[in-house]
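Peer 1: This structure is in structure tokens; I'll ask about it shortly.
The values are calculated or read from the model by the stated rules, or taken from the named source; none is laboratory data. Since the structure is predicted, the reported quantities are computational estimates derived from the model, not experimental observations. A quick note on method: Cβ atoms are made from the backbone with ideal geometry, for glycine too, and the neighbour counts reach across all protein chains shown. Areas reflect the complete protein model, heavy atoms only, side chains present, ligands, DNA and RNA absent. Shrake-Rupley method; radii C 1.70, N 1.55, O 1.52, S 1.80 Å.
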Amino acid sequence: MKTNRAIWAMPVVLGLLTVVGLLVALVGDGIWDLVSVAALAVPVLVGCWHAFKPARSPH
């Protein structure tokens, strides 16, 4: 059985990255634009990786 920390760690990290990326995009300029793009790209890439990875066999 997984603990709550094991279950919620990655969703919390991805949520924090999203919030940081959105806030930096609103208030920053210059290099902060690249930081916001990187922070917002990570959740998208993780979602794409999970969407397109092959399914595990039930055996």
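Peer 1: May I ask you to order 22-29, 3-10 by the average number of other C-beta atoms within 10 Å around their residues, highest value first?
Peer 2: The densest-packed peptide leads the list: 22-29, 3-10.
Peer 1: Of W32, W49, which has the most accessible area with a 1.4 Å probe, and how do the rest follow in descending order?
Peer 2: W49, W32
Peer 1: Then there's this: Could you work out the percent of alpha carbon pairs in the chain separated by over 19 Å, rounded to a whole number?
Peer 2: So the pairs more than 19 Å apart make up 48 percent of the total in the chain.
Peer 1: Could I ask something else about it? Please compute the per residue accessible area over the chain with all protein chains in place, 1.4 Å probe, rounded to a whole number of Å².
Peer 2: Accessible surface, normalised per residue, equals 88 Å².
Peer 1: Could you tell me what percent of the accessible area of the chain is made up of carbon and sulfur, with a 1.4 Å probe and every protein chain present?
Peer 2: That share works out to 74 percent.
Peer 1: While we're here: Can you tell me the orientation of helix 31-52 relative to the chain, as the angle in degrees between its alpha-carbon axis and the longest Cα principal axis, to the nearest 10?
Peer 2: The helix 31-52 is inclined about 20 degrees to the chain.
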